[in-house]
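Peer 1: Have a look at this one.
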Amino acid sequence: KSKLTIMHGYHIPVPSAEMTIPIAPELTENYKAEVEKKISELREEIRELNSVPSDYKFVMALAVEAILQSILNSESDIVVMGTKGASGLQKVLFGSIAASIIQKSPKPVLTIPKSFIDYNISNIAVAVDLAEIENYHLFDMVKLLAFVNSAEIHIINVSQSPSEPD
């Protein structure tokens, strides 16, 4: 009884941050048409999507801002996003998009690494700082995910004091 919203954030790169260039409306419309075509191809490839009520949002903004804007304007219970991971200079200067969303999202975020291919969930690891946890509701989604998949939950806590285990 869930609804799936697929959000695609995009921006049109400009040659220099010091230049202001008006963006031609046909450029954004052409890009949006390309994205809509890819979504149609995705629906063809993953037939199960056709049986799930879904909608699609296109947000023109930088990735982090687009995703956060979509999260804040939605009634979503959870955010699921793929991640490639930042590398090199991008990681040093900005960090990864997924890390920024995890830090700033008011809703739970489940990130799926690009290399992930096995959808059989049998063990779920939850890394938490039990000394700082204030809201145990974060486990509600994990319990539901574990129940649906008959999976085990493993809670991982790293303590600064090995002589006082939690």
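Peer 1: Give the residues of region 130-155 that are outside any helix (DSSP H, G or I), at pLDDT 85 or above and either surrounded by fewer than 10 Cβ atoms within 10 Å (Cβ to Cβ) or in contact with a Gly (Cβ under 6 Å, 6 or more places away or on another chain) (or both), sorted by residue number.
Peer 2: SER150, the sole residue that qualifies.
Peer 1: Here's something else I'd like to know. Among the residues of region 36-63, how many are β-branched (Val, Ile, Thr) and either loosely packed, with under 14 Cβ neighbours inside 10 Å or over 17 Å from MET7 (Cβ atoms) (or both)? Talk me through it step by step, then tell me what you get.
Peer 2: So in region 36-63, the residues β-branched (Val, Ile, Thr) come out as 39, 46, 52, 59.
Pick out the ones that are also either loosely packed, with under 14 Cβ neighbours inside 10 Å or over 17 Å from MET7 (Cβ atoms) (or both) and you get 46, 52.
Residues that pass the stated criteria total 2.
Peer 1: Tell me the residue from LYS57, LYS37, LYS32 that is at pLDDT 80 or above and either over 26 Å from ASP140 (Cβ atoms) or in contact with a strand residue (DSSP E or B) (Cβ under 6 Å, 6 or more places away or on another chain) (or both), please.
Peer 2: Exactly one residue qualifies, and that residue is LYS37.
Peer 1: What pairs can you find where one residue is in region 44-73 and free of Cβ contacts under 8 Å to residues at least 12 places away in the same chain, the other is open to solvent by 40 Å² or more (accessible area, probe 1.4 Å), and their Cβ atoms are less than 8 Å apart, with a gap of 6+ or different chains?
Peer 2: Sorted first by the residue in region 44-73, then by its partner, the pairs are ASN50/ARG43.
Peer 1: Quick one: in region 104-129, of everything that is more than 25 Å from LEU68 (Cα to Cα) and touching a strand residue (DSSP E or B) at 6+ places or on another chain (Cβ under 8 Å), which residue is most open to solvent (accessible area, probe 1.4 Å)?
Peer 2: Checked region 104-129; the qualifying residue most open to solvent (accessible area, probe 1.4 Å) is ASN123.
The values are calculated or read from the model by the stated rules, or taken from the named source; none is laboratory data. In this text the structure is predicted, and so the values were computed from the model without any measurement. Neighbour counts are summed over all protein chains in view; Cβ atoms, including those assigned to glycine, are modelled from backbone coordinates with ideal geometry. The protein model used for the area step is the full one, side chains on, heavy atoms only, and it has no ligands, DNA or RNA in it. Shrake-Rupley method; radii C 1.70, N 1.55, O 1.52, S 1.80 Å.
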